[in-house]
Amino acid sequence: MTGGLAANTIIVLTILCVILILGAIVFYTAGAIFTWQFFRTRETVPSHSEAPVAILVPVRGIDAGAWENWSSLCEQDYENYRVYFGVLDPADPAVPILEQIVEKYPDRASLTTDLPPRGPNHKDSNVSYLLEQIQTEWVIFTDSDIYVEPDYIRRVTAPLQQPGVGMVTCSYIARNPRYFGSALASLARCCDFVPSVLIARQLDGGVKLGIGVTMAVTQTALKQAGNLVFNRIGSDYNLGKRIDAAGYRVELSRYVLESDTGKESIADVFERELRWSRTIRFNKGPIYYTQIFCFGTVFCMPLLLLTGFASWAIGLTVITFLVRYLQAQNATMMMDAPRLSRWFWLLPLRDLLSFVIWAIGGYGRTIFWRGRKLRIQGDGIITE
């Protein structure tokens with residue numbers, strides 16, 4: 001009887017693995033198709049505009065390539081704009097560098113420091129002080145760790161000229177990571193995150209989230225969506241959702257930003273992605289658990305062990321890995337990141353790490369954010 005129960009358990013687990021693997025093949029294929037369709041289509045750029053633009057950059061600490069990143073924001077091929085840097089703590093090591101930036105670009109950049117937090121979300125609190133300094137209708141919220149090309153403002157604000165558009169947001173990758181941790185992070189962003197956003201865009205009939213690395217908004221849409229909030233994790237996702245709910249369109253730009261995390265360790269990648277994972281869970285609810293169909297390569301090894309390396313299981317494993325690698329190759333080509341493919345040998349490890357993070361992110365309410373321990377409640381409210 002025990003033997004029969006064990007045999008039945010193996011059969012059930014085998015069937016489960018096959019279902020999950022086939023679901024992942026569908027996910028990989030859909031991701032490849034929608035990525036190809038999205039990036040092969042040229043953006044419709046309206047007539048030239050020089051509407052005033054304010055770029056708001058909350059800064060904490062010094063990220064890799066900080067000088068180059070911050071300088072790139074001040075060297076835009078755009079006439080009427082200004083960059084506002086904000087730092088909560090006047091003793092932050094970034095302040096001396098930012099003072100040099102302001103000295104080099106006095107007509108383009110300004111720095112505000114000593115900004116007492118207005119809530120547990122220090123990033124949005126920082127931005128709120130900067131927002132109070134400006135009068136422009138067009139505003140770009142951007143992270144401090146990105147490098148942009150001179151046409152950045154033109155590219156990300158162009159859709160704002162279209163009637164009904166309230167937000168334009170961008171994806172981001174490291175196209176040529178030099179270190180192990182950065183490569184793992186970029187593989188996830190390029191080969192998993194962007195395709196997932198494009199699948200959701202297709203299923204939902206549009207983009208219904210913001211990506212915090214860059215969000216260009218109109219102040220009108222921002223106010224009608226309820227402005228910034230200071231007690232929420234995943235506030236970028238939530239702001240895009242609220243702008244969509246307010247009746248505006250959210251557009252995903254085909255401009256993919258450059259963001260290299262430098263020499264960060266696997267532990268750093270794990271901590272950040274676990275925070276993101278729990279953020280997604282609290283913002284999306286039960287839909288979070290459908291991500292189990294995204295890890296086909298991970299379930300191939302259990303399938304092989306359960307079947308004793310049966311020929312059909314080996315064949316399904318080969319097909320799964322082939323589809324996965326073709327999907328990843330398609331993503332790097334469409335996002336102009338061919339040099340990222342030299343890290344493809346990491347894909348199995350990347351997929352396993354993603355699965356572990358997803359599984360751990362499926363429970364728990366604690367996150368670590370820039371050295372701070374926070375607790376998530378409700379649908380994404382955070383407390384210290």
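Only the coordinates and a few stated rules stand behind these numbers; no lab work does. Since the model is a prediction, treat every value here as computed from it, not as a measurement. All Cβ positions, glycine included, derive from the backbone under ideal geometry; neighbour counts span all protein chains shown.
A few points about this structure:
- Note: relative contact order over segment 41-109, using C-alpha pairs below 8 Å and six or more positions apart, is 38 percent.
- Electrostatic bookkeeping for residue 257 treats Lys and Arg as +1 and Asp and Glu as -1; over the other residues with beta carbon under 13 Å from its beta carbon, the sum is -3.
- The simple Förster model, with R0 at 51 Å and r as the Cβ-Cβ distance, assigns residue 246 and residue 321 a FRET efficiency of 0.70.
- With both labels modelled 7 Å from their Cα along Cα-to-Cβ, the residue 22 to residue 180 distance reads 3.8 nm.
- For segment 184-241: span of alpha carbons on each principal axis (Å, largest first): 35, 26, 18
- Residue-averaged [θ]222 nm for the chain, counting only DSSP H segments that reach four residues, each worth -39500 (n - 2.57): -15000 deg cm²/dmol
- Surface/4 estimate of mean projected area, convex hull on alpha-carbon atoms of segment 53-262, nm²: 11.2
- Structure-derived Cα extents along the principal axes in Å: which label, when the choices are (i) 62, 51, 39; (ii) 78, 45, 41; (iii) 110, 65, 59: (ii)
- For the chain, a crude dipole built from +1 on the beta carbon of Lys and Arg and -1 on the beta carbon of Asp and Glu, taken about the Cα centre, is about 1220 debye to the nearest 20.
- The order of the peptides 28-38, 369-379 by mean Cβ neighbours within 10 Å, most packed first, is 28-38, 369-379.
- Exposure proxy ranking for 95, 26, 250, based on other Cβ atoms within 10 angstrom of each Cβ and starting from the fewest, stands as 26, 95, 250.
- Computed over segment 268-383, the alpha-carbon pair-distance distribution with 5 angstrom bins reads 2, 10, 16, 16, 16, 15, 12, 8, 3, 1, 0, each value a whole percent.
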